[in-house]
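Everything on this sheet refers to the single structure shown next.
The values are calculated or read from the model by the stated rules, or taken from the named source; none is laboratory data. Keep in mind it's a predicted model, so treat the numbers as computed, not measured. Please note: Cβ atoms are built from the backbone with ideal geometry, for glycine as well, and neighbour counts cover all protein chains shown. These accessible areas exclude ligands, DNA and RNA; they are computed on the full protein's heavy atoms, side chains included. Shrake-Rupley method; radii C 1.70, N 1.55, O 1.52, S 1.80 Å.
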Amino acid sequence: MAKSSTTPRGSSPPNQVAAELKELLVAYARQEIVTPLTNLGATLKLGILGALSIGVGLVFLVIAGLRLLQEEASGVFDGNMSALPYVAVLLGLLVVLAGLVAVKGRTSRGGGREPSGTGTTDDQ
């Protein structure tokens, strides 16, 4: 009589199954954890670089506006009115920042518009 095998026909030995399971888990972890984190890191780098660029640009814009007011209107802002260019530039900066916050709020909530066909009015 032939000796019977303990593993059914077509199945692998347990240590080979364990090695395949380990490979599968490592590939899954790489696909679902490592790759998205790498993509997130690249996105964050670009976002931080963009925010720094906008910040530096706003600082230069404020300084340019202040210099413009001080140089071109030199006779107007003399004496007691010497702080007025600083106040004007500060108000301009606040208006720009308020506009940026308003645009950010509108885009993050979808503009406050409802998708078509989902209104609450009764058509009947």
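A compact table of results
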item: Odd one out for F77 among (1) open to solvent by 90 Å² or more (accessible area, probe 1.4 Å); (2) in contact with a helix residue (DSSP H, G or I) (Cβ under 7 Å, 6 or more places away or on another chain); result: (1)
item: Qualifying residue in the stretch 28-47 (condition: surrounded by 10 or more Cβ atoms within 10 Å (Cβ to Cβ), among the hydrophobic types (A, V, I, L, M, F, W, C), more than 19 Å from the chain's Cα centre (by Cα) and closer than 30 Å to L100 by Cβ); result: no
item: Positions within the stretch 65-74 being in contact with a helix residue (DSSP H, G or I) (Cβ under 9 Å, 6 or more places away or on another chain) and not in a helix (DSSP H, G or I), in sequence order; result: A73
